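The values are calculated or read from the model by the stated rules, or taken from the named source; none is laboratory data. These numbers were taken from a predicted model, which means no experiment stands behind them. When we count neighbours, we look across all protein chains shown, and the Cβ atoms used for this are built from the backbone with ideal geometry, even at glycine.
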Amino acid sequence: MTPEQKLAALFAAEAPPRRYYGFEVVVAERIARRRAWLTVAALLPWLVVSGIVLWALHGLLLRLAGELVPVIQPLALVFAATAAAAGVGLWLTGALQRRVTVVARPK
Amino acid sequence: MTGDLTDAELVRRALAGSDAAFSRLVERHQAAVRAFLRRFLGSGWAEADDVAQDAFVAGWTSLRSLRDPDGVRPWLCGIAWRKAQDRIRGSRRGAARDAGWLEAIETPAGVPAEDRLALRSAMAELPTDVRACVALCLGDGWSHGEASQALGLPLGTVKSHVARGRARLLKALGGSDDA
């Protein structure tokens, strides 16, 4: 076998299979997670704007607060609990996926 | 549904928000990117795949910066090359990497194991630019033009890198000095 043939054979031996589903799944999962975080980040400016609007209206809201407290308090609790559960769920999903994902690699 | 589409059309759909289109691009180009990274990094599949995943995610993030939608493969390999250089600069390239390489490569029939080790050693000793050109042009059969586009190197430089790298590898495999 000539050196050229050896070189070609050794390079050919390293060639990966044309498809590798495990790799494609991991990339798709990482992109989906990145998209989720980008979506959350895109909502942040709206959160800031909402905060500013509420701060601007706080005088009016304070006057109405006495009447609104019984209505808003349970709703606020539900929203807070939902947001906390969603946050924990998102974090746990990522953590669990990282823990249990076993990717079969081709040899 | 996206099976017969050109790269340019897949890029257009991916830019419009289609994850299926980008997945098709991953499917189509993962072998080229992974093979290049494995040869360039000189390690096993695990490290090459880590960098390849980073490259594809970075590609998804910066898809709008792709100027020629038909040149997805060189563009992705260019991203992979920069990621791999970062990895080399920032990480250990020692016994663990060499062990990974030794475990990962099978010696083809008719090629002595010493030649496999000689090739590994010769590849590791090549400068990074030369190694990248060799990995693409000799390992994966890319044209010099494609490699030039992917690596951002002048065409003449790629040609001379490939010639020099090839001569060194052949010498390590028992060829003459002027191989």
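Before moving on, here are some points about what is shown:
- Out of A:Ala86, A:Ala32, sole residue that is more than 9 Å from chain B (Cβ to nearest Cβ), under 14 Å from the mean Cα position of the chain (by Cα) and within 30 Å of B:Gly59 (Cβ to Cβ): A:Ala86
- Positions within region B:44-70 being closer than 16 Å to B:Gly17 by Cα and either surrounded by 13 or more Cβ atoms within 10 Å (Cβ to Cβ) or polar (S, T, N, Q) (or both), in sequence order: B:Phe56, B:Val57, B:Ala58, B:Gly59, B:Trp60, B:Thr61, B:Ser62, B:Leu63, B:Ser65, B:Leu66, B:Pro69
- Residue within region A:3-18 that is touching a residue at least 40 places away in the same chain (Cβ under 8 Å) and under 30 Å from B:Gly141 (Cβ atoms) present: yes
- Condition met for B:Arg164 (out of contact with any Cys (no Cβ under 6 Å at 6 or more places or on another chain), surrounded by fewer than 21 Cβ atoms within 10 Å (Cβ to Cβ) and either under 24 Å from B:Asp70 (Cα atoms) or without any contact (Cβ under 8 Å) to a residue 40 or more places away in the chain (or both)): yes
Okay, residues lined up against (1) within 15 Å of B:Gly42 (Cβ to Cβ); (2) charged (D, E, K, R):
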site: B:Pro108; (1), (2): no, no
site: B:Ala113; (1), (2): no, no
site: B:Leu126; (1), (2): yes, no
site: B:Asp129; (1), (2): yes, yes
site: B:Gly145; (1), (2): no, no
site: B:Gln149; (1), (2): no, no
site: B:Arg164; (1), (2): no, yes
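- Any hit, region B:35-46, residues being within 24 Å of B:Gly152 (Cα to Cα), among the charged types (D, E, K, R) and out of contact with any strand residue (DSSP E or B) (no Cβ under 6 Å at 6 or more places or on another chain): yes
- Residue ranges of helices (runs of 4 or more DSSP H) in region B:79-179 with at least 1 members modelled with pLDDT under 80, touching a Ser or Thr at 6+ places or on another chain (Cβ under 6 Å) and away from every other protein chain (no Cβ under 14 Å): B:95-104
- Which listed residue, of A:Val26, A:Val48, is out of contact with any Cys (no Cβ under 6 Å at 6 or more places or on another chain), within 13 Å of chain B (Cβ to nearest Cβ) and not charged (D, E, K, R): A:Val26
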